[in-house]
Every structure is written in C-alpha cells, then in structure tokens.
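Quick notes on the structure that follows.
No lab work stands behind these numbers, since they all come straight from the coordinates. Quick caveat: nothing in here was measured; it's all calculated off a predicted structure. When we count neighbours, we look across all protein chains shown, and the Cβ atoms used for this are built from the backbone with ideal geometry, even at glycine.
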C-alpha cells in the first residue's frame, strides 16, 4: 500500500480537489486493490517474439536439408502472411498523424510479421541466390518494407527496425558496432563514412518528418539513431586521426548539445555533452601529458562541466 | 533520513502519483497544479538527462582528484594508501550528508555520485588494510571486508534513502554468509527469516517511500537468494559453496530432490502470491524465475530439439499474453481479482522508448563491408531484430 498517496487522495477528496469517482479509482490503486499488469503482458509478448524468432532461426539452420528449402521458405511466408493478415484486419484507417493502437498486441504482431518476412527473404537469398553478388540488397528491401508498414500502421517500433536494417545494409550496426569499425584500416574508414552517411540520412529524414508534418511522432526515433551513428562514427576515428575527428566530434557534440538544450530535449543534450567532452579530452591527451596532469585535467574539466550544467539548469524552467 | 528529507520524500511520492494521473488524463492541468500547491517540493532535483550527466562528471572529477593526489605524493606504504582511501571516502560521505541535508538535494546526481564513490573508497581502503596490512588471511579478510562494507552501505542506505546502496548492502550480507560454514543453509535461513520481515517493513506506512523502495530491493534480493539455494543448476555446480575455497557440487547429495522441487515450485508459488496479493515485485520475480526454471529444465531434460522448444515457447508466450489480456478484460470493469490489463497510470512514453531502443540495439547484424564475401551462405549471416536473430 502506498500510504502517502492513499492519505493524499482522501485529503484531496475532502478538499474537493478530486471528485468522488477520481478519488475512488486513485484510492484503489494506492491501496493495492487494483494493479495493472499491462507492462508484464507486453514483456511477455515481446519475449515471445524474440524467443520464437530465435527458434525459427534454429529451425532453418538445423533442418536446412531435411525439411527442404521450399518447405522452409513456404512456412515462413505463410506465418508472415498470417500475421500481416491479422494486422490488416485489425488496423485503423491510414492517417499521417499519430493514431491510437487498435489492439494491445497490434505492434508486436506487426513486428513479428516483418521479422518473419526478413528471415524468409534472407533464407531465400542464401539458398536460391536470386540477387547474386548484390545479396546485401535484401536488407535494403526489408528496411523499405518495414518503413512502409511502419508508416501505414503507425508503428514506431517497426520504424526503428526499418532504420536499423537500413544501417545494416550499409554495413553498420546501430549500437553493436563492428570490431573493424574501431580499427585504422580501409574497412574501418569505409564503415565510418557509411555510418556518417546513414546518420545524416536519418537526421534529414527526422527534419522532413517534422517539416512536412507527416508521422512527426517518428522523429525522435530517427534523430536519436542519426546522432548516435554520427557521433559514434566520429568517436571511432579518435584513435586513428585524433585532431581531425576530435575537432569534428567537438563541433558536432557541441552543436547537438546546443540544439537540444534550446528545445528541452535532454537525452540528445546528454549525448552531445558526452561527445564534446570526449573529443576535448582526446585532443588534450594527444599531447601525451604526464599522469598527474591528465588526472588534473579530468578533475578540473569535469568540475567545470558540472558547474556549467548546474548553472544552465538553474536558468531553465524549474520542475 | 532526516525528518525534513522524509517529509519531502512523502510529498514527492504524491506529486509523482498526480503526474501519472495527469498522463492518463484522469485529472486536468488545474487539478495537477492544485495538488502540486498542496504538496510542494523543497528539494533541488534534476531531470534524468541533467542528473545522469551530473552523476558521470561528479564521479569522474572525484576519481581524477584522488588519482591526482596519489600521482603527486606517490605514497608507497599500503597502510597510508588504505588510510587515505578511507579518509577520502569518509569525506565524500560527509559531503553527501551535507548535500542531502543542508543543500536539500534529491535526485540531483551529485549526491548519488559522492555517496557511491565515497562508499567505494571506504570499502576499497578497508579491503587494502585487511588484506595487505593486517594480513588476516584470505577467508577472514574477505569476511571482515563484506561485514564492514555491508554495515557501511546499510548505514548509508538508511541515512540517505538510496535503494541502489541498500541493494549493495544486501549483496554484501549474502556474500558474508557465503564465507561461513554451510553457506547454503545460512542463505536459506537468512532468506526465510528476512523475507517476511522485509515484506512487513516495506509496507509499513511510517516508513518513508525511499526506505520502502530500499527494503523492496533487498526483499527481491532475498527471494533471488532463496531461489539460487534451491536451483538445481546451482545445487549441482555448488555455486553457493564455491564462495568458500574447496566448495564442491552437491550432485550426490540426498537432498537433491529438494532442489528439483524448489526449481519447479518456487517460481509459480512466488508469481501466484504476487498475483493473488497484487504485489508487483513477487509477480515479476516469479515470472523471471519461471523463465530461469524453464531454461534449467531444457538443460537437464531434452524433450525436443532446441528449435522446437524455442519456437513453441515463443508461441506459447504470445498466446499466453493474448489469453491473459482477454481473460482480464472479460471481467467486470475490465479487471479480475483486482488485476487489469489496462495501463492505468504508467508512463507509456517510457515503455515505448525502451521498446524502440531494444529494437535499435538488437537490430539485424550488419552486412560484411567486403561485398565479395558471401557470408550469407548457410551457417554465415543472420537476420533478426527486436532482440531476435536467426542463423543460417
């Protein structure tokens, strides 16, 4: 029981701040007479999709020859079609604005459908090689399909899958960056360029979504993925060419922080401040200072950043 | 906690509940404003973004300062280093107390950083003195370290109302018991004694909300410890016994059937208790432990190939979620025995952000940069998303 809230509800009802109906509902929740298991059900659904898709992957891998390629591809296609049919039947009419989900499992089954289509396409490409040397394009196809379905059925989760699959097509995994990404070789440079390009494309997409007021509520997904890719790519170059990448990261991080602060977008602000600080420290450490000086640098600059944060926070609107 | 901090904590709890009501459109802006006026906040708080940055940079500055002092004075004597670490840690604890007390900081990042870094230095210093200076021997030094660290952490959790510190204190407590004779028995006894006491204390109306959360975290830890004691894998591997040198598995023990029963029964009992009494901690922990028990079952009993088990389990989880949702919604007012599938006053944006982040993190594996390499041959590439992956 939440004693404070239960007592507050009674007092607020007495003072006529809350109506009788409001007080009755709030009091039940505070006294633990009513508990929502919505989050648990969502986790169960999401976990089911993850485990089920892993099982599908193993099915394809282990029964490749025994079941037969057509049977595997056909089964995946039927399962994906079943999910898509259910989604289509339950889906709301198309709107460019955010629309409430018609069913609590709606987005999860749409996600499952896209994952099954992706697995099927990957399997068909691996087995029958219809794309030949251009095999990575199947990732592009999946990302486009996911994007179309995300827009049609208004799903931010599937939209994020579209972005991460698009990045995968360009050789970049949004968070689990490939090992070679951090090396100094040509492959790393190529990946870095791809990551920055992907990030820039996502940022452009984010700006367009807002400017055109088309699915503007997808913008946070695109802008966060975009900046993570750009800042991550620049940070990965610090060990290779610290001056160039350090200056670029400092400028980009500072820019993001300033942009985000002006719009009260604090997750982006955090990303920008950390990027800029990493760049500044990398540039300083390039001079190979002795350990004492390096320690002093981190002590003084961290305190300076902390002081600046507290001053900025004080000037912002209080909670 | 000081009375003023406890009172601020209680008011904060009411304001947070009111914000949840507003999010769910159960009240309007005017009502929220009226509630905030009745339950004002006198603490200095930061939002999640500023708070995390304040925590990171405070922690970085404090550690860098200590390393700077060490680098300048280069003390060679381990007793001196240990004493300096303890002194620095205690200074930070005083600093935390000043922030929480006189400066009225709460959820500000800096006080959490000074508390955690301070306690880490105190613990590290104690360990250094016990291991390298007093040379008590590994067993005694470990036991004393866990005991003293646990006492320091428990005091800090009580003083500042920090659930993370309380969790660390609980970990130290069970690690200390792990050093004793018959550690598994000690864990079982400690868990069985502490679970009802912690449950009662965590729901006592006179206990401030932060302390209640600390007690709940510790209660979860005690439940997990009890499950580990009865978990068949932990039993066979002698996981708890391995905390003492010379620990061994209990494969041949006559009590092994008790472990089998425990692995099978503890999760459903915990989940059922949670569902019947509408206690979220028990419900969630029961479900999580249930997953662990199912994985254990698959490890010991190969009823079917892994792909069958995983595909069926995934399908069963999806079907169970849909069936439960339908069952709950079919009751009067969309609830059954006080459980509802409606989100009530939770923050949907927070759940949505977590889901989107999970899909971004566990997106499909990137293609290899060298396009000449056809790694998507059987056994090569993979496609997945939302945490799933498929190998071909």
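Can you tell me how the protein assembly as shown classifies by the Cα gyration tensor, rounded, prolate or oblate, using a/c under 1.5 as the rounded cut?
Numbers: a/c = 1.27, a/b = 1.17, b/c = 1.09.
Verdict is rounded for the protein assembly as shown.
Please build a GNM for chain B, connecting alpha carbons under 10 Å apart, and tell me which residue among B:49, B:89, B:220 fluctuates the most.
Greatest mean-square fluctuation among the candidates belongs to B:49.
Rounded, prolate or oblate: which one fits segment A:1-135, using the alpha carbon gyration tensor with axes a ≥ b ≥ c (rounded when a/c is under 1.5, else prolate when a/b beats b/c, else oblate)?
Values: a/c = 4.52, a/b = 2.80, b/c = 1.61.
Prolate is the answer for segment A:1-135, as a/c is 1.5 or above and a/b outweighs b/c.
So if R0 is 22 Å, what FRET efficiency would residue A:247 and residue A:312 give, r being the distance between their Cβ atoms, rounded to the nearest 0.05?
Values: r = 24 Å, r/R0 = 1.07.
Efficiency computed from Cβ-Cβ geometry: 0.40.
Can you grab the distance from the C-alpha centre of segment B:178-254 to the C-alpha centre of segment A:199-248, Å, no decimals?
Computed from Cα coordinates, the inter-centre distance equals 46 Å.
Applying 1/(1 + (r/R0)^6) with R0 = 22 Å to the Cβ-Cβ distance of residue B:236 and residue B:304, what FRET efficiency is obtained, to the nearest 0.05? If you can, show how the numbers build up before the last one.
On the way: r = 22 Å, r/R0 = 1.02.
The calculated FRET efficiency here is 0.45.
Can you pull a Stokes-Einstein diffusion coefficient for chain A at 37 °C (0.692 mPa s), Rh from Kirkwood over Cα pairs, as a whole number of µm²/s?
140
With runs of 4+ DSSP H residues as the only contributors, calculate the mean residue ellipticity of chain B at 222 nm using -39,500 (n - 2.57) per run, divided by the residue total and rounded to the nearest 500.
Numbers: 14 runs with 267 residues, N = 392.
After summing the helix terms and dividing by the residues of chain B, the value is -23500 deg cm²/dmol.
Using a 10 Å cut-off around each Cβ of peptide A:10-17, what is the average number of partner chain Cβ atoms that fall inside? Before the final figure, lay out the partial values.
Values: counts 0, 3, 8, 0, 0, 2, 1, 9.
Taking the mean over all residues of the peptide, I get 3.
Between residue B:244 and residue A:99, what is the label-to-label distance in nm when each label sits 7 Å out along the Cα-to-Cβ direction?
Distance between the two pseudo-spin positions: 6.6 nm.
Averaged over A:233-245, how many beta carbons belonging to a partner chain fall within 10 Å of each residue's beta carbon? Display every interim value, and only then the final one.
On the way: counts 0, 0, 0, 0, 0, 0, 0, 0, 0, 0, 0, 0, 0.
Shielding by partners across A:233-245 averages 0.
Which order do peptides A:42-55, B:135-148 fall in by mean Cβ count within 10 Å, highest first? Could you put the intermediate results ahead of the total?
Working: A:42-55: 22.8, B:135-148: 16.2.
The peptides rank, most packed first, as A:42-55, B:135-148.
When 1/r is averaged over all different Cα pairs and the result inverted, which Kirkwood radius in Å belongs to chain B? Please report the intermediate quantities before stating the final value.
On the way: mean 1/r = 0.0400 Å⁻¹.
Computed over chain B, the radius equals 25.0 Å.
Kirkwood hydrodynamic radius, segment B:1-119, all distinct C-alpha pairs: what's the number in Å?
Numbers: mean 1/r = 0.0601 Å⁻¹.
In segment B:1-119 this quantity evaluates to 16.6 Å.
Could you work out the helix-only [θ] at 222 nm for chain A, with each DSSP H run of four or more residues adding -39,500 (n - 2.57) and the total divided by the number of residues, to the nearest 500 deg cm²/dmol? Can you show the working numbers first?
On the way: 13 runs with 238 residues, N = 319.
Taking each H run of at least 4 residues, the total per residue is -25500 deg cm²/dmol.
Once you average over the residues of A:28-34, how many Cβ atoms of partner chains fall within 10 Å of each Cβ?
On the way: counts 3, 8, 3, 2, 6, 3, 8.
For this peptide, the per-residue mean of nearby foreign Cβ atoms is 5.
At R0 = 56 Å, how high is the FRET efficiency between residue B:273 and residue A:134 if r is their beta carbon distance? Nearest 0.05 is fine.
On the way: r = 57 Å, r/R0 = 1.02.
Efficiency, from the Cβ-Cβ distance: 0.50.
I'd like the distance separating the alpha-carbon centroids of segment A:6-38 and segment B:1-32, in whole Å.
One Cα centre to the other: 13 Å.
Could I have the simple spin-label model distance between residue A:211 and residue B:91, label points 7 Å from Cα toward Cβ, reported in nm to one decimal?
Calculated label separation equals 5.4 nm.
Rg (Å, one decimal) plus Dmax (Å, integer) for the alpha carbons of segment A:193-301?
Rg then Dmax for segment A:193-301, in Å: 15.7, 54.
Given the C-alpha centroids of segment B:98-177 and segment A:67-103, what is the distance between them in whole angstrom?
52
Given an 8 Å cut-off on Cα distances and at least 6 residues of separation, report the relative contact order of chain A as a percent. It would help to have the intermediate numbers written out before the result.
Values: 320 pairs, mean separation 30.2, N = 319.
Result for chain A is 9 percent.
With chain A treated as a Gaussian network of Cα nodes joined by springs under 10 Å, which of A:249, A:85, A:309 yields the largest mean-square fluctuation?
Comparing A:249, A:85, A:309 in the GNM, the peak value goes to A:309.
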